[in-house]
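Working notes, structure below.
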Amino acid sequence: MLAVDGRDYRFEGHAIVSADDRIADASGLTPPSLRIEADWRRFQAALDGSAVIVLGRLGHEVNPNRMQRNRLVLSGAARGVERRNDAWWWNPVEATLADALRIAAPGGGVVAVPGGMRVFDLFLTVGYDAFHLTRVADVLVPDGTPLFSTIAPNRTADDILAAHGLQPGAPEEIAPGTRLTTWRPAATA
């Protein structure tokens, strides 16, 4: 949680990954095998309840903002925090997270973080209040984009979340072979 000007912000990550912790294929796109309807419905409801959605430029471009949700797009091409016709754009090298939230979501609330990898990595350092991780057990995405940049053959997404002080809740099977686990800080797990 982060307080800015007396407003509280909670950071909630959302990801669906393959069994090898990949969020996208080699081309950078989410493969159809990771599109699970039950997860999609849950994810959309979470986005509906958020004050702002933080995602990377590619995710923003590939998934047009048809619902006109409040988006904050992470991009090195942005000048600080700027309003464009499709979203707020933010360059964290030029403006702090507090500045971005003050402008894009001045009332506080839930900050939904659906990625990509660079965005997930950034919020690992900020601290997640919850990370909703859905894993599809029978799907592998060789040469795909990992959830976090530090995923390696002997280091899983679970290892990384735990190393950042998060603990898993009880997994929930939301579809055959698909489990959702919500990770929370150890003090609130």
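Using Cβ point charges alone (K and R +1, D and E -1), the dipole size of the chain about the Cα centre works out to roughly 480 debye. When the Cα convex hull of the chain is projected onto planes of every orientation, the mean area is 10.4 nm².
Leaving out ligands, DNA and RNA, and with a 1.4 Å probe, what % of the accessible surface on the chain is carbon or sulfur? Carbon and sulfur atoms account for 53 percent of the accessible area of the chain. Taken about its Cα centre, region 51-143 carries a charge dipole of roughly 320 debye when the Cβ of each Lys and Arg holds +1 and the Cβ of each Asp and Glu holds -1. A 1.4 Å probe run over the protein chains yields, for region 1-130, 47 Å² of accessible area per residue, whole-number rounding. Report the calculated FRET efficiency for residue 173 and residue 79 (r = Cβ-Cβ distance, R0 = 45 Å), to the nearest 0.05. After rounding to 0.05, the efficiency reads 0.50. Exactly which GluC sites (Glu not before Pro) in region 1-97 are in a DSSP loop and have at most 16 other Cβ atoms within 10 Å? Hits after loop and neighbour filter: 94. Over all directions, the projected convex hull of the C-alpha atoms in region 15-81 averages 5.6 nm² in area. Based on every Cα atom in region 115-189, Rg and the maximum pairwise Cα distance Dmax equal 12.5, 36 Å.
Relative to the compact-globule estimate of 2.2 N^0.38 Å, the Cα radius of gyration of region 85-147 comes out at 1.37.
The charge dipole of region 1-87, taken about the Cα centre with unit charges on the Cβ atoms of Lys, Arg (+1) and Asp, Glu (-1), comes to about 320 debye, rounded to the nearest 20.
The values are calculated or read from the model by the stated rules, or taken from the named source; none is laboratory data. None of the values given here were measured: they were computed from a predicted structure. Here the Cβ is made from the backbone with ideal geometry for all residues, glycine too, and neighbour counts use every protein chain on show. Each accessible area value is taken on the protein alone, full model and side chains, heavy atoms only, with ligands, DNA and RNA left out. Shrake-Rupley method; radii C 1.70, N 1.55, O 1.52, S 1.80 Å.
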